[in-house]
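Report on the following structure.
The values are calculated or read from the model by the stated rules, or taken from the named source; none is laboratory data. Here the structure is a predicted model, which means the values were calculated and not measured. Glycine also receives a Cβ, built like all others from the backbone with ideal geometry; neighbour counts cover every protein chain displayed.
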Amino acid sequence: MTEATGTPPLVALVLAGGTGSRLYPASRSTRPKQFLPLLGETTLLERTVARADFADHVVVSTRPGLEADVSELVPDVDEVVVEPAGKDTGPALAYATHRIEAQYGDDVVVLSLPSDHHVGSREAFAATMRRGARVAHEEGRLVAFGVDPTRPDTGYGYIEPGTDRGAFSELAAFHEKPDAETAERYVAEGYLWNAGTFAWTPRAFREAARDSPLAPLVDALDEGRVEEGFAAVEPTSIDYAVMERVDDAAVVALDVPWDDLGSWDAMARLLPADEDGNVTQTGDAGGGDAEGALFVDSGENVVVSDGAHISLVGVDGLAVVAWDDRMLVVPKAEAQRVREVVSNLQDAGRF
């Protein structure tokens with residue numbers, strides 16, 4: 001990995017500690033979605049690390065119990081950081097940024113990359129990440145990357161851009177996942193999807209986090225009290241804890257084919273369909289093996305399994321997933337509701 005001319009030293013920080021509950025039953029508490037080969041023979045984590053090859057260093061952050069899987073899947077990364085406890089992206093990024101600064105210095109730029117996204121052009125992605133890194137380094141700002149929406153979508157958060165500054169825009173506001181009518185208005189008004197991808201220098205992040213719910217953790221990390229610091233903070237996302245609270249954040253447009261593999265309806269956008277609009281992926285390696293499903297008078301369905309043959313008769317618009325000894329059937333339009341299933345299973349200790 002080599003540093004691009006005019007770009008500060010880059011450390012790609014890949015977040016691989018989540019679960020991906022809306023991709024149940026393929027995704028489970030001990031097998032999060034980033035370890036699944038949902039779009040081919042390689043896992044989402046491997047794909048993310050591969051497209052981060054423009055960075056000078058690649059670090060993966062994960063939660064306890066997953067480090068062995070991460071090391072096996074991506075053995076060539078520079079470091080695997082294991083957060084003391086899984087407490088969402090806020091504490092995870094505070095800890096990993098602290099570790100990166102200690103290892104690589106305070107002049108680097110940290111690029112925080114989710115491990116479960118689909119990106120259509122690696123070259124364009126790398127160029128945009130470098131541009132955002134330069135903004136973070138030269139302006140001393142926290143940078144969010146936003147995707148130009150291709151449709152109104154209630155499954156994504158939105159970023160409202162402000163004044164155009166050339167290489168970036170002022171970040172006017174973050175907006176939570178909207179209802180359908182609000183999503184249409186956001187798209188019409190030029191809002192961007194929140195890609196969950198950020199850039200900052202360790203110094204800028206630390207200053208912002210000191211005035212946030214992460215302050216007890218930041219102070220404790222500076223004093224070497226890691227376990228105590230994690231115990232002092234609640235689970236919180238980086239958006240809520242830090243990004244939404246700063247008044248000088250920047251947004252850089254990520255103009256590439258992009259999708260968040262957050263729910264089963266995303267597969268219909270990313271895999272080839274048959275003449276009736278059905279999408280199939282079966283077998284341990286995935287890859288869209290149409291022999292793993294049979295459709296009779298059925299269209300616009302998503303079928304995913306780890307080997308079981310599935311037949312659909314006279315139904316449209318379903319997501320049918322069979323993995324291990326579990327099966328899920330849900331209308332594609334209500335794929336976000338899988339989290340309700342997971343919540344019930346978690347309460348019963350069966351997730």
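If you check Ala266, Ala250, which single one turns out to be modelled with pLDDT under 95 and of a type in the set (Gly, Ala, Ser)?
So the residue among Ala266, Ala250 that is modelled with pLDDT under 95 and of a type in the set (Gly, Ala, Ser) is Ala266.
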Note to self: Pull out all pairs, ordered by first then second residue, where Cβ-Cβ is under 9 Å, the residues are six or more apart or on different chains, the first lies in the range 203-217 and is without any contact (Cβ under 8 Å) to a residue 12 or more places away in the chain, and the second is outside any loop (DSSP other than H, G, I, E, B) and aliphatic (A, V, I, L, M).
What the structure shows: Arg210/Val218; Ala215/Ala209
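For the range 329-351, enumerate the residues that are part of a strand (DSSP E or B) and either assigned by TED's automatic domain parsing to the domain that holds Gly20 or out of contact with any helix residue (DSSP H, G or I) (no Cβ under 7 Å at 6 or more places or on another chain) (or both).
Across the range 329-351, the qualifying residues are Val329, Pro331.
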Next item on the list: Determine the pairs where a residue that is touching a residue at least 24 places away in the same chain (Cβ under 8 Å), located within the range 67-78, has a partner that is of a type in the set (S, T, N, Q) and surrounded by 13 or more Cβ atoms within 10 Å (Cβ to Cβ) with Cβ atoms under 8 Å apart, the partner being 6 or more residues away or on another chain.
Entry: Val70/Thr62; Leu73/Thr43
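Okay, residues lined up against (1) in a helix (DSSP H, G or I); (2) surrounded by 24 or more Cβ atoms within 10 Å (Cβ to Cβ):
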{"residue": "Gly18", "(1), (2)": "no, no"}
{"residue": "Arg22", "(1), (2)": "yes, no"}
{"residue": "Gln34", "(1), (2)": "yes, yes"}
{"residue": "Leu39", "(1), (2)": "no, no"}
{"residue": "Thr42", "(1), (2)": "no, no"}
{"residue": "Ala50", "(1), (2)": "yes, no"}
{"residue": "Asp76", "(1), (2)": "no, no"}
{"residue": "Ala92", "(1), (2)": "yes, yes"}
Check: Restricting to strands (runs of 3 or more DSSP E) lying wholly in the range 123-207: which have 1 or more residues that are touching a Ser or Thr at 6+ places or on another chain (Cβ under 9 Å) and of a type in the set (S, T, N, Q)?
Finding: 158-164, 169-175, 192-200
Checklist line | Filtered residue count, the range 100-111, keeping only those that are under 22 Å from Asp219 (Cα atoms) and crowded, with 19+ Cβ neighbours inside 10 Å | finding: 6
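Of all residues being free of Cβ contacts under 8 Å to residues at least 60 places away in the same chain and over 21 Å from Asp247 (Cβ atoms) in the range 122-146, which is surrounded by the fewest Cβ atoms within 10 Å (Cβ to Cβ)? Just the residue, please.
Here the answer is Glu123.
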